[in-house]
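The values are calculated or read from the model by the stated rules, or taken from the named source; none is laboratory data. For clarity, every value in this text was computed on a predicted model and none was experimentally measured. Here the Cβ is made from the backbone with ideal geometry for all residues, glycine too, and neighbour counts use every protein chain on show. Remember, those area values only see protein heavy atoms, side chains included, never the ligands or the DNA or RNA. Shrake-Rupley method; radii C 1.70, N 1.55, O 1.52, S 1.80 Å.
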Amino acid sequence: MTTNLNKDGQTIGRKGAESRARLLAAGLNLLGTVPVHRLSASAIARAAGFASQSFYLYFQDVDELFLLLCAEAAEDMDELHAEIDSEWQSDALDAHAQRFIAAFYRYWDRHRPVLNLRNFLADNGNTRFDEQRNTTSLPLVSGIARHISAAHGKTLTPGQPPLPATDAFARAVIIFAAIERMASRYSDLESTNRSIGLADLKRAEAHILSLLLTRP
């Protein structure tokens, strides 16, 4: 999404790159502190120390700036992909699940403001953010589905057919949605039920995920 040209078609030099980076940083800093409806181009430009027109020299609109922040967050998923793409041993499923859950929460903690905005806008019908969320999530959902299929396609109960791929994917979608929801909002539950902490939530999620991978 990043380009070496500004909106006037001119090559972005060192000074221009610094200006664009300042606008991106300002937009990121405003997330979580300013209501969504006030995340305007002029507000971001002011926070970066520029006049409003400077914003449009680098970004078509506010969505473009935040989509770029989303894309940058998506580039920070190597740990998550490594965990889900590794071979999960049947005698250590809970340990594999715990490592994946821990990596997922670390990712969310690093990019929480951007990911929360992405999901909010996607849920409210913004197709560009919905597409970005789906593109980012699909490899993880597919990875979970592969592990589910592998677990239910080997040692089967006599007379029981293998789990259809569509069912494995549907289960992966459901567990992924639950994991993401808890990663994004675990502080809400902690504040309303002080008997449950983050470690309890992670442990429960890992256990549920490992149960989905337990062979019949």
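The table that follows gives values for the structure above.
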| read-out | value |
| --- | --- |
| Inter-centroid distance (Cα atoms) of segment 84-121 relative to segment 17-60, Å | 30 Å |
| The chain: DSSP helices with Cα axial extent of at least 27 Å and average Kyte-Doolittle hydropathy no lower than -0.5 | 93-123, 127-151, 165-192 |
| Average accessible area per residue (Å²) across the chain - probe 1.4 Å, nucleic acids and ligands excluded | 54 Å² |
| Listed candidates (1) 11.1; (2) 13.3; (3) 14.6 - label of the one calculated as mean projected area of the Cα convex hull in nm² | (3) |
| Taking the chain and dividing mean pair separation by its residue count, relative contact order in percent (alpha carbons under 8 Å, at least six apart) | 19 percent |
| Leading residue at positive end of dipole, the chain (Cβ point charges), from N134, A43, M77 | A43 |
| Longest site-free stretch - the chain; sites: GluC sites (Glu not before Pro), DSSP loop, at most 10 other Cβ within 10 Å | 88-216 |
